[in-house]
1. How large is ³J(HN,Hα) for each residue in segment A:425-440, as worked out from phi by the Karplus curve 6.51 cos²θ - 1.76 cosθ + 1.60 (θ = phi - 60°), to whole Hz, x for Gly and Pro?
2. Below 12 angstrom from the Cβ of A:Ser126, what's the summed charge of the other residues (Lys, Arg +1; Asp, Glu -1)?
3. Relative to the longest principal axis of chain A, what angle (0 to 90°, nearest 10) does the C-alpha long axis of helix A:191-202 take?
4. Provide the packing ranking of B:20-30, A:464-474, i.e. peptides ordered by the mean count of other C-beta atoms within 10 Å per residue, highest first.
5. Quickly work out the A:Leu59-to-B:Ala111 label distance, labels modelled 7 Å from Cα along the C-beta direction, and quote it in nm with one decimal.
6. For A:Ser375, enumerate residues with amide H under 5 Å from its amide H, sequence gap 5+ or separate chain, H modeled in the peptide plane.
7. Tell me what chain B gives for mean residue ellipticity at 222 nm when only DSSP H runs of n ≥ 4 count, each as -39,500 (n - 2.57), the sum divided by the residue total, rounded to 500 deg cm²/dmol.
8. So what J values fall out for segment A:318-334 if you push phi through Karplus, 6.51 cos²θ - 1.76 cosθ + 1.60 with θ = phi - 60°, rounded to Hz, Gly and Pro as x?
Amino acid sequence: MQLPSLSELNLGLTVPALSLALWACILLVIDLFIPRDRKSVTAWLAAGGVVFAFIANLLVYRDPGVAFMGLFVADEFAGFLNIVVLLTAFIAILMSVDYLKRTGIERGEYYVLLLMTTSGIMFMNSANDLAVVFIALELLSIPLYVLAAFRAPEERSEEAGLKYFILGAFASAFFVFGAALIYGATGSSSLPVIVDAVGRALAGEGSSLLLLLMGSGLILAGLGFKVAVVPFHMWTPDVYEGAPTPVTAFMSVGAKVGGFAALLRILLVALPALTVAEGDAVAGWQTATWVVAALTLILGNIVAISQTNIKRLLAYSSIAHAGYVLMAVAAAGTPGVSDQATRAALIYLMAYMFTNLGAFAVAMAIEKDDGSGTSLDDFKGLGRSRPLLAAIMAVFMLSLTGIPLTAGFVGKWVVFQATIEAGLYTLAVIGVLTSVISAFYYVRVIVNMFLEDGEGDPAAAATPYVQWAIYLTFAGTLVLGIIPSLVTNLSGPVALAVASLVP
Amino acid sequence: MPTFDEFAPIGALLILSVVMVALITIISRLFGPYRPSLRKTAPYESGMKPIGPAVRRFPVRFYLIAVLFILFDIEVVFMLPWAVVFRQLGLFALIEMVIFIAILLVGYFYAWRKGALEWE
């Protein structure tokens, strides 16, 4: 067996993801020597690690290559999603510092776990082998299980952690089984090698087509759980409601980015030619993603209407948004459209990141120290007591609906465009109609803030760092909405990112 | 189905194990004396007299010890095959193992400082 030399491993490319994992380990030890009342030091050290990874990522971004003998690929696709994830982690840390202190759950491990899950998502973005996808998936998930239960003696948080853990472990098993079937059918777990084997299987050499279809279906189920699309979404509202709010904010974006990154890479790099019958124009997984996307859009948006708690509402809203990204994934199944659709998915994820984190930050600002105060009624009168906060929340809600001049509009625009280009007209119509439905519950929050009178003082706890987080996400939402060419520009970073993925 | 041919030994093993277990159970039941008593049919509990139901409170410390045991037990499981092929792998394997153990040591140090190893 020929073993690689150190230079062949190309460790330089892995610095962004690896530095974060390493820093998490070091921080775990450093944190032991930080006194209990000064745990915010850990937060800033963690934020420093995220900034370092961000800069390293920008340096690696335009210099694509393969590391660890093809297991890890650092291309623009991964680089772009790393930017999204690292921004998410940074904003989540900003949101957490004061929140943890005032709710009395401040522990240094929180930030360590946050860094670990972030590095897991970054490995997911770069994974070029089914085995690496699985390990990254676990590195992403396990810290999130713990974080969901971080408000531990409280029952709802414990329930969230346990529920997420049991169902998540189950979903991981689905993924592994799917990966094993694909390995059995193709004889390789490396994504670029699988694509050749798929061609041979289709040509009738061996009877592994059934194995391939079953395997890709199981992988779709396993990753579908992580991104919370409809048949696999049951855990979402309970976990999002029970977990501490900054954790909810982080996992509503981070876990989705990781899941979609792996899904897109597996489907487009390994299985683009997997068709049900030889000679079909579109990929065999298009119908499956189509149906799942349609179900997700309809159920997520309609059930969100009846929610009375902002965290549950945003949970169903996040299910619905996973449906919009999945629309783009389905569109990517048509060969000529796959680069446009991938671009749409990436833009959507970035727009969703800013808007959703912002919405959670505002929800957190009016949440009380004991975790109550997240009902929609608590937004009543916010327009009078805190006009600026209410106005910003209104923009986030409009952006989630997809009103022009906000990031959400740009995201939906490109996704619908790709869906129509791919010829999935019914899906596009479902997407537009459910967007209209979603306006109902998003606008209700705005109505509560400005047109209804409330009692007491809502925004009790908009502490400085949370305000920074809100302003940061607000700026992101508006800048993306007003100057969409930043990301939709053909020669921009997204195009590069897509070019790296779609052959 | 040519693809499944490679799995034939596993399938044979599966069938064989089921048949063997069934055979042994049936034969011992047919030819051996069978005089059940309350003590004999009770679930085996390390040879002790079973006391009380299994669903009861255990000190959570046992759980912690169990987790730490698994952690360092698995470590040895990985080290054994590594030690067997160490000569062929050389320096590369040494570096890999040092990284692996360093990560474990971080966990060990953390558990130590947090007092997970103290019984009191």
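Throughout, read-outs are computed from the coordinates displayed, never taken from laboratory work. Values in this document were obtained by computation on a predicted structure and should not be read as measured data. In this analysis, Cβ positions are derived from the backbone assuming ideal geometry, glycine residues included, and neighbour counts consider all displayed protein chains.
1. Listing the rounded values in order: 5, 4, 5, 4, 5, 4, x, 5, 4, 5, 4, 4, 4, 5, 4, 4 Hz.
2. Result for the local shell: -2.
3. 50
4. On the way: B:20-30: 9.7, A:464-474: 20.0.
Answer by packing, highest mean first, reads A:464-474, B:20-30.
5. 3.6
6. Hits under the 5 Å cutoff: A:Ile310.
7. It comes out at -22000 deg cm²/dmol, rounded to the nearest 500.
8. So the Karplus estimates, Gly and Pro as x, are 5, 4, 4, 5, 4, x, 5, 5, 5, 4, 5, 5, 4, 4, 5, x, 8 Hz.
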